[in-house]
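Quick notes on the structure that follows.
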Amino acid sequence: MRTKIIYNTVLGVCRMISVEEALEKVLSYVEVLESERKPILDCLGQVLAEDVYSTIDIPPLDNSAMDGYALRAEDTRGASESSPRYLVVVGEVAAGSMPTKEIKPGTAIRIMTGAPLPEGADAIVRFEDTDEVSRKSSKGDLSHIGILCQAKKGLNVRCRGEDIARGNLILKKGTVLRPQEIGVLASLGHSAALVIRRPIVAILATGDELIGVDQPLAPGQIYDSNTYTIAAEVSRYGGIPKILGIGRDSVQSLTEKIDEGLDADMLITSGGVSKGDYDIVKDVLAEHGEIGFWTVCMKPGKPLAFGVIKKATGRRKRKVPHLGLPGNPVSSMITFEQFARPAILRMMGKKILAKPTIQAIIEDDIANTDGRRLFARVMVTRRGGQYYASLTGPQGSGILTSMAKANGLAIIPESSKGVKAGDMVDVQMLDWGEEQGEVKTLPIVSIVGKSQSGKTVLMEQLIAEFKKRGYKVVALKHSRGGMEIDQPGKDSWRFAQAGSDAVCVSSPDKLAFIKKLDHDLNIEEIMPIVGPEFDLILAEGFRKSKIPKIEVHRKELGDDLLCSLEELSAIVTDGSLDTEIAQLPWGDTVAVADFIEKNFVLNSRSSAF
Ligand code: AMP
Ligand code: MG
């Protein structure tokens, strides 16, 4: 009796609620499930429930990154194709075995990729940079090898622990396991992982007109497709579907079926929630627990039922959340996407629940006549760097094939009367993973205080402390006065001394960014730090990069050029050279600027960026 009262109360406040409000209510009833330890290959897409530390170094030993010869870099000094350095080959080592000999001055060991570096060796020279091939083809003496290039210490050597160092935190609790994380677990020697378990979702179709897909169709019947759409959706998002079959529109049939589903973590029904016939579902569910019928401000998919079914299992009472989706195949799928999908992801411990949304130009007019949020089935294409969305056909809520043609749902807000072709719309991307929309955000915190309060000292200490914990740190300094960067004693210099990986100084009129590098950057690596507000990048140097180049040539320095002619777009010269390439007079800056403007600015698609 009591449950009926609860039900009536809920029904009493039945009103039109927003999509967000409905989702919030659904989510408030679901909890993250318990964790279980299982084989790593069964964990794809699941959330790690423990921090994973490494007990080993990967690679376990210094080893070779190439097939070649292990040697002492010192022994290759001055080596070139025209003047090889000859070494005595004292052995061979393959991946999986340990070297039995060590490298003494003047010797080399033939080594395969992945094989441990022999004692005494500090570099690997690959086969291509030796005379091995010519020796073999001329059936020459293989007890010696000619080295054709000078090697630096560490060349082609993979250092012990360079990927993973023993004792480090490798995967954090909460990580979603993708194939690469499963590979990392395997590389650590883990055959199983502790993950949040997958929810079991019971699925029940309702309706006297429905028939199973393996039965012949009688007049008035239709095949039950919702069971399959929903079960496939449940699997796609990581749950385990438990198919209950078809419940008839009678109290007895529904009661029996629902009972079968109560050991699941969630029950999803379809049909029987529209005004015409919801009395039966209402009666059955109200008997078992609480249920509310909502009118959600969306189209398709207005009627939705939600509640919890109470089930006594021994002494414990379990509450099974129940989502009653509308029967129309498209409505049931779209409401699944908006409400059941996030609920399943929450139960699996996932943090990112929203489907990625992009902005696209709509290619059809769409009217929104009744002030609800319209989810229109669209096919999104990308043309010339821009997304376009076009309707996939008739939008009736029973027309599943227009859903099958769609890869997105264009969202027309409830406040809008519609859109015209050419307008921008938000499109929810049905086939994109939730994580796809997430861009890594950098945490930021600022240390503030009065002058002389010790901000800089604390900054230095924190930088050192976070470096100790393995973080890469950027120190950002706001400087109201001048821009003294990298000068001994100044704050930016002190931050760099304290170990900061990058220092950024921002003043009211200038910005400087100094980042420690471990190699000379190429143009592609530099571009991302240049903002989009500029019109032209004038570089000096970068001779080896593939960007367009103009060489300055001065008579007094000789007639030869630094670059080969194919690499150059023009030559600025105070003489005249015998070439086909455009020559611009030294001193006529206007002519050079015109050339650049015409070729690289106004016609900027031809440049590399
Ligand atoms: P209902 O919400 O039960 O009134 O159903 C609305 C419409 O969806 C009716 O035309 C039903 O025949 C159809 N329908 C309901 N359940 C299913 C199902 N499982 N598979 C295909 N169509 C269904
Ligand atoms: Mg029905």
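Please pick out the residue among Gly470, Gly541, Gly481, Gly489 that is among the small types (Gly, Ala, Ser), surrounded by fewer than 16 Cβ atoms within 10 Å (Cβ to Cβ) and under 26 Å from the mean Cα position of the chain (by Cα). Before the answer, list the steps.
Details: Gly541 fails: under 26 Å from the mean Cα position of the chain (by Cα); Gly481 fails: under 26 Å from the mean Cα position of the chain (by Cα); Gly489 fails: under 26 Å from the mean Cα position of the chain (by Cα).
Result of the check over Gly470, Gly541, Gly481, Gly489: Gly470.
Kindly establish whether Gly272 is in contact with a helix residue (DSSP H, G or I) (Cβ under 8 Å, 6 or more places away or on another chain), surrounded by 22 or more Cβ atoms within 10 Å (Cβ to Cβ) and touching a residue at least 12 places away in the same chain (Cβ under 8 Å). Give the steps one after another, and end with the answer.
Values: in contact with a helix residue (DSSP H, G or I) (Cβ under 8 Å, 6 or more places away or on another chain): yes; surrounded by 22 or more Cβ atoms within 10 Å (Cβ to Cβ): yes; touching a residue at least 12 places away in the same chain (Cβ under 8 Å): yes.
When the stated conditions are applied, Gly272 passes them.
I'm checking my understanding of the structure. Among residues of the stretch 549-605 that are among the hydroxyl-bearing types (Ser, Thr, Tyr) and part of a strand (DSSP E or B), which one is surrounded by the fewest Cβ atoms within 10 Å (Cβ to Cβ)?
The extreme case among them is Ser569.
Return yes when Leu217 is away from ligand 2 (no atom under 13 Å from the Cβ) and surrounded by fewer than 14 Cβ atoms within 10 Å (Cβ to Cβ) and no when it is not.
yes
Going through the stretch 169-211 one residue at a time, which ones are charged (D, E, K, R) and within 30 Å of Leu244 (Cβ to Cβ)?
Going residue by residue through the stretch 169-211, those that are charged (D, E, K, R) are 172-173, 178, 181, 197-198, 208-209.
Result: Arg197, Arg198, Asp208, Glu209.
Residues that are in contact with a Lys or Arg (Cβ under 6 Å, 6 or more places away or on another chain), within 30 Å of Ser274 (Cβ to Cβ) and more than 16 Å from ligand 2 (Cβ to nearest atom): does the stretch 178-198 have at least one? Explain how you work it out, then say what you get.
As a first pass, look at the stretch 178-198 and keep what is in contact with a Lys or Arg (Cβ under 6 Å, 6 or more places away or on another chain): 192, 194.
Okay, now just the ones that are also within 30 Å of Ser274 (Cβ to Cβ), so none.
Looking for residues that are in contact with a Lys or Arg (Cβ under 6 Å, 6 or more places away or on another chain), within 30 Å of Ser274 (Cβ to Cβ) and more than 16 Å from ligand 2 (Cβ to nearest atom), one finds none in the stretch 178-198, hence no.
Taking the stated definitions as given, is Gly470 modelled with pLDDT of 90 or more, on the phi > 0 side of the Ramachandran plot and assigned to a loop (DSSP other than H, G, I, E, B)?
It is false that Gly470 is modelled with pLDDT of 90 or more, on the phi > 0 side of the Ramachandran plot and assigned to a loop (DSSP other than H, G, I, E, B).
Is it the case that the stretch 449-457 has a residue that's over 21 Å from Asn328 (Cβ atoms), touching a residue at least 40 places away in the same chain (Cβ under 8 Å) and surrounded by 12 or more Cβ atoms within 10 Å (Cβ to Cβ)?
Narrowing the stretch 449-457 to residues over 21 Å from Asn328 (Cβ atoms): 449-457.
Add one more test, that the residue is touching a residue at least 40 places away in the same chain (Cβ under 8 Å), and what stays is none.
No, because not a single residue in the stretch 449-457 is over 21 Å from Asn328 (Cβ atoms), touching a residue at least 40 places away in the same chain (Cβ under 8 Å) and surrounded by 12 or more Cβ atoms within 10 Å (Cβ to Cβ).
Check Asp249 against each of (1) away from ligand 2 (no atom under 14 Å from the Cβ); (2) more than 19 Å from Ser331 (Cα to Cα) and name the one condition it does not meet.
Going through the list (1) away from ligand 2 (no atom under 14 Å from the Cβ); (2) more than 19 Å from Ser331 (Cα to Cα), Asp249 breaks only (1).
Looking at the stretch 286-302, which of its residues are modelled with pLDDT under 85 and not hydrophobic (A, V, I, L, M, F, W, C)? Step through it out loud before you land on a result.
Pass one, the stretch 286-302, residues modelled with pLDDT under 85: 286-294, 302.
Those that are modelled with pLDDT under 85 and not hydrophobic (A, V, I, L, M, F, W, C): Glu287, His288, Gly289, Glu290, Gly292, Lys302.
Can you confirm whether Gly120 is at pLDDT 95 or above, of a type outside the set (Lys, Arg), part of a loop (DSSP other than H, G, I, E, B) and buried (at least 16 other Cβ atoms within 10 Å of the Cβ)?
On the way: at pLDDT 95 or above: yes; of a type outside the set (Lys, Arg): yes; part of a loop (DSSP other than H, G, I, E, B): yes; buried (at least 16 other Cβ atoms within 10 Å of the Cβ): yes.
Yes: the conditions hold for Gly120.
Of the residues Ala232, Ala218, only one is under 30 Å from Thr269 (Cβ atoms) and assigned to a helix (DSSP H, G or I); which? Spell out the reasoning first.
Values: Ala218 fails: assigned to a helix (DSSP H, G or I).
Testing whether each residue is under 30 Å from Thr269 (Cβ atoms) and assigned to a helix (DSSP H, G or I) leaves just Ala232.
Could you list, in sequence order, the residues of the stretch 15-31 that are closer than 12 Å to Arg346 by Cβ, exposed (fewer than 14 other Cβ atoms within 10 Å of the Cβ) and in contact (Cβ under 8 Å) with a residue 24 or more places away in the chain?
First, the residues of the stretch 15-31 that are closer than 12 Å to Arg346 by Cβ: 23-24, 26-31.
Filter again for exposed (fewer than 14 other Cβ atoms within 10 Å of the Cβ), leaving 24, 28, 31.
Selection gives Glu31 alone.
Can you find, within the stretch 510-537, the residue that is surrounded by the most Cβ atoms within 10 Å (Cβ to Cβ) among those that are assigned to a loop (DSSP other than H, G, I, E, B) and touching a residue at least 24 places away in the same chain (Cβ under 8 Å)? I'd like the intermediate steps shown before the answer.
So the first thing to find is which residues in the stretch 510-537 are assigned to a loop (DSSP other than H, G, I, E, B), and the list is 510, 516-522, 530-537.
Narrowing further to those that are touching a residue at least 24 places away in the same chain (Cβ under 8 Å): 510, 535-537.
Working: Lys510: 11, Asp535: 6, Leu536: 10, Ile537: 13.
Filtering first and then ranking leaves Ile537.
Please count how many residues of the stretch 176-218 are in contact with a Gly (Cβ under 8 Å, 6 or more places away or on another chain), away from ligand 1 (no atom under 13 Å from the Cβ) and within 24 Å of Thr229 (Cβ to Cβ).
The number of residues fulfilling the criteria is 5.
So Ile58 ticks every box in (1) without any contact (Cβ under 8 Å) to a residue 24 or more places away in the chain; (2) touching a helix residue (DSSP H, G or I) at 6+ places or on another chain (Cβ under 9 Å) but one. Which box is left unticked?
Going through the list (1) without any contact (Cβ under 8 Å) to a residue 24 or more places away in the chain; (2) touching a helix residue (DSSP H, G or I) at 6+ places or on another chain (Cβ under 9 Å), Ile58 breaks only (1).
Can you spot a residue in the stretch 266-284 that is within 26 Å of Trp432 (Cβ to Cβ), in contact with a strand residue (DSSP E or B) (Cβ under 7 Å, 6 or more places away or on another chain), at pLDDT 90 or above and within 16 Å of ligand 2 (Cβ to nearest atom)? Can you show your working first?
Of the stretch 266-284, the ones within 26 Å of Trp432 (Cβ to Cβ) are 266, 268, 270.
If we keep only those that are in contact with a strand residue (DSSP E or B) (Cβ under 7 Å, 6 or more places away or on another chain) as well, we get 266, 268, 270.
Add one more test, that the residue is at pLDDT 90 or above, and what stays is 266, 268, 270.
Now narrow it down to the ones that are within 16 Å of ligand 2 (Cβ to nearest atom): 268, 270.
There is at least one residue in the stretch 266-284 that is within 26 Å of Trp432 (Cβ to Cβ), in contact with a strand residue (DSSP E or B) (Cβ under 7 Å, 6 or more places away or on another chain), at pLDDT 90 or above and within 16 Å of ligand 2 (Cβ to nearest atom).
Looking at the structure I just gave you, is Phe339 under 28 Å from the mean Cα position of the chain (by Cα), under 24 Å from Pro413 (Cβ atoms) and of a type in the set (A, V, I, L, M, F, W, C)?
Working: under 28 Å from the mean Cα position of the chain (by Cα): yes; under 24 Å from Pro413 (Cβ atoms): yes; of a type in the set (A, V, I, L, M, F, W, C): yes.
It is true that Phe339 is under 28 Å from the mean Cα position of the chain (by Cα), under 24 Å from Pro413 (Cβ atoms) and of a type in the set (A, V, I, L, M, F, W, C).
Taking the stretch 92-120 on its own, how many of its residues are farther than 16 Å from Leu155 by Cβ, small (Gly, Ala, Ser) and more than 41 Å from the chain's Cα centre (by Cα)?
Matching residues across the stretch 92-120 total 1.
If you check Ala202 against the conditions, is it closer than 26 Å to Leu430 by Cβ, in a strand (DSSP E or B) and of a type outside the set (Val, Ile, Thr)? Outline the logic, then answer.
Details: closer than 26 Å to Leu430 by Cβ: yes; in a strand (DSSP E or B): yes; of a type outside the set (Val, Ile, Thr): yes.
When the stated conditions are applied, Ala202 passes them.
Go through the stretch 221-269 and report how many residues are surrounded by fewer than 20 Cβ atoms within 10 Å (Cβ to Cβ), near ligand 1 (Cβ under 10 Å from one of its atoms) and free of Cβ contacts under 8 Å to residues at least 60 places away in the same chain.
Total satisfying the criteria: 5.
So that you can scan it fast, the table gives a plain yes or no per residue for (1) surrounded by 12 or more Cβ atoms within 10 Å (Cβ to Cβ); (2) touching a Phe, Trp or Tyr at 6+ places or on another chain (Cβ under 7 Å); (3) in contact (Cβ under 8 Å) with a residue 60 or more places away in the chain; (4) not in a loop (DSSP other than H, G, I, E, B):
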site	(1), (2), (3), (4)
Pro105	no, no, no, no
Thr113	yes, no, no, no
Lys152	no, no, yes, no
Gly161	yes, no, yes, no
Lys173	yes, no, yes, no
Glu181	yes, no, yes, yes
Val195	yes, no, yes, yes
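The values are calculated or read from the model by the stated rules, or taken from the named source; none is laboratory data. The model shown is predicted, which means the values in this text are computed figures rather than measured ones. All Cβ positions, even for glycine, are placed from backbone atoms using ideal geometry, and neighbour counts span all protein chains on display.
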